[in-house]
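These notes are about the structure you will find just below.
The values are calculated or read from the model by the stated rules, or taken from the named source; none is laboratory data. Note that this is a predicted model, so its numbers are computed, not measured. Don't worry about glycine lacking a Cβ; one is built from the backbone with ideal geometry, like all the others, and counts go over all protein chains shown. For the accessible areas, the whole protein counts, side chains as well, though only heavy atoms, and no ligand, DNA or RNA atoms are used. Shrake-Rupley method; radii C 1.70, N 1.55, O 1.52, S 1.80 Å.
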Amino acid sequence: MNCSRKYGKPFGDLNKLKTNFFENNDGMLEMADHMAKIFSAQPRRTNCKICGEPLGEPLFHSHGIGYIECSKCGHLNGEFEDTDDFASKVYIQDDYSKNYSSKDREEYNRRLSTIYIPKAEYLQSCMEKEQLADIRLLDIGAGCGYFVAAAKKLGMQASGIEISENQVNYGNTMADETILTHVGLHDSINFIEKTDANVISAIGVLEHLINLQENLDAIGSNHNIQYLYASVPMFSFSCAFEAANQQCYNRHTGGTHTHLFSNSSIRYMAEQMGFEPVYEWRFGSDINDLYRFLTMMLTKSGNSAFASDFSGKFVPLMDELQLILDKSDFSSELHFILKRKQ
């Protein structure tokens, strides 16, 4: 089956939502370095996260962590394992939600409309092409419930599961109803195995799952599930930008991104599940990262006036420049829909 591809998405208000990346670079970098310290205390990763192939030497190092490109499937693996201990410390004990939860309902709704409604609209439009009118959606790793809320606004039957109790409570409060269920670290598999949902969504989640393979196996074994809609961080231009700018917050290879996907590792993953890629939407933030690094380093080097002048000339070009990178199939984010093979 041919895969339908879409490229690009205007940055719009994205920079307004990510002002903390600019205004609190040192604090965000400190947070990422703290997570990297926890990550580097874990056992070394010897096999690829996706295909299990033995790993060789790192292709590059970024912010103290080596990254190894799998020779079999092209997946980019951080050199340490993401263990239960790692997950407990960065998602639960450290309350990961404080880094991404909005402060109030107005900010929540702005983030919902700017980031998540377009994602839900994309899913809905693809399912219309598939003639799937009755969408029953289970969102795994639902966080604060943004995508579930967006899907429900568009009329889908949707609910979510999440391991952070703080995020569940926050999301249900913002939604004014119970749209999220709190689950234990490994309980998502039971939900997936038993759900009658015909669509599973995992928006920025697969890269965070400690037991990724078990979750994928559960999706593959439940034939109620006909589609998987996911967004993942990709091995991309942003990796080079971050490796070259050690003084700037590394949002892409840092923090809880212990591995990054590639086009070939996604195809491998789909095949192992008994699915195939049918829709792709590529829109990265590589140019946004490059812009942030350049303006940050200009400012740090005492060139604030030039940073401002540069911004005025560069920002109007960002959408066009990012589209070029998106069409290269080496940009930082991919939304994709997998369909169960008949």
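So which of Ala197, Ala230 ends up being open to solvent by less than 30 Å² (accessible area, probe 1.4 Å), touching a strand residue (DSSP E or B) at 6+ places or on another chain (Cβ under 6 Å), within 24 Å of Glu280 (Cβ to Cβ) and assigned to a loop (DSSP other than H, G, I, E, B)?
Values: Ala230 fails: assigned to a loop (DSSP other than H, G, I, E, B).
Exactly one of Ala197, Ala230 is open to solvent by less than 30 Å² (accessible area, probe 1.4 Å), touching a strand residue (DSSP E or B) at 6+ places or on another chain (Cβ under 6 Å), within 24 Å of Glu280 (Cβ to Cβ) and assigned to a loop (DSSP other than H, G, I, E, B), namely Ala197.
Quick check on the range 240-254. Is at least one of its residues in contact with a Phe, Trp or Tyr (Cβ under 8 Å, 6 or more places away or on another chain) and under 25 Å from Ile189 (Cβ atoms)?
No: the range 240-254 contains no residue that is in contact with a Phe, Trp or Tyr (Cβ under 8 Å, 6 or more places away or on another chain) and under 25 Å from Ile189 (Cβ atoms).
Is there any pair with a first residue in the range 302-316 that is small (Gly, Ala, Ser) and a second that is open to solvent by 50 Å² or more (accessible area, probe 1.4 Å) whose Cβ atoms are under 7 Å apart and which are 6 or more apart or on different chains, and what are they?
Listed pairs, sorted by first residue: Ala307/Thr299.
Say we look at the range 243-256 and pick out the residues that are open to solvent by 30 Å² or more (accessible area, probe 1.4 Å) and assigned to a loop (DSSP other than H, G, I, E, B); which of these is nearest to Lys129 (Cα to Cα)?
Of everything passing the filter in the range 243-256, Arg251 is nearest to Lys129 (Cα to Cα).
Can you find a residue that is open to solvent by less than 10 Å² (accessible area, probe 1.4 Å) and under 15 Å from Ile337 (Cα atoms) anywhere in the range 107-125? I'd like the intermediate steps shown before the answer.
Within the range 107-125, the first condition is being open to solvent by less than 10 Å² (accessible area, probe 1.4 Å), and the residues that meet it are 108, 112, 120, 123.
Within this subset, residues satisfying the condition of being under 15 Å from Ile337 (Cα atoms) are 120, 123.
Checked against the condition, which is being open to solvent by less than 10 Å² (accessible area, probe 1.4 Å) and under 15 Å from Ile337 (Cα atoms), the range 107-125 yields at least one hit.
Filter the range 262-286 down to residues that are open to solvent by 10 Å² or more (accessible area, probe 1.4 Å) and part of a helix (DSSP H, G or I) and give me whichever is nearest to Lys9 (Cα to Cα).
Asn263
Go through the range 265-282 and count every residue that is hydrophobic (A, V, I, L, M, F, W, C) and in contact with a strand residue (DSSP E or B) (Cβ under 6 Å, 6 or more places away or on another chain). Step through it out loud before you land on a result.
Of the range 265-282, the ones hydrophobic (A, V, I, L, M, F, W, C) are 266, 269-270, 273, 275, 278, 281.
Narrowing further to those that are in contact with a strand residue (DSSP E or B) (Cβ under 6 Å, 6 or more places away or on another chain): 270, 275, 278, 281.
Going through the range 265-282 one residue at a time, the tally reaches 4.
Hey, could you check the range 47-72 for residues that are within 16 Å of Leu212 (Cα to Cα) and in contact with an Asp or Glu (Cβ under 9 Å, 6 or more places away or on another chain) and say which is least open to solvent (accessible area, probe 1.4 Å)?
Our first condition is that a residue be within 16 Å of Leu212 (Cα to Cα); within the range 47-72, this holds for 47-53.
Next cut, in contact with an Asp or Glu (Cβ under 9 Å, 6 or more places away or on another chain) only: 47, 49.
Values: Asn47: 67, Lys49: 32 Å².
My answer is Lys49.
Mind listing whichever residues of the range 125-165 are in a strand (DSSP E or B) and more than 20 Å from the chain's Cα centre (by Cα)? Give the steps one after another, and end with the answer.
Pass one, the range 125-165, residues in a strand (DSSP E or B): 136-140, 157-162.
Arg136, Gln157, listed by residue number.
In this structure, is Leu180 out of contact with any strand residue (DSSP E or B) (no Cβ under 8 Å at 6 or more places or on another chain) and aliphatic (A, V, I, L, M)? Step through it out loud before you land on a result.
Working: out of contact with any strand residue (DSSP E or B) (no Cβ under 8 Å at 6 or more places or on another chain): no; aliphatic (A, V, I, L, M): yes.
Answer is no for this residue.
Considering only residues that are over 30 Å from Met296 (Cβ atoms) and among the aliphatic types (A, V, I, L, M), which ones fall in the range 242-279?
Residues satisfying the conditions are Ile266, Met269, Ala270, Met273, Val278.
Could you give me the residue pairs with C-beta distances under 7 Å whose first residue belongs to the range 192-217 and is more than 26 Å from Lys89 (Cβ to Cβ), whose second residue is assigned to a strand (DSSP E or B) and among the charged types (D, E, K, R) wherever it lies, and which are 6+ apart or on separate chains?
So the pair list comes out as Asp196/Arg136; Ala197/Arg136; Asn198/Arg136; Val199/Arg136; Ser201/Asp139.
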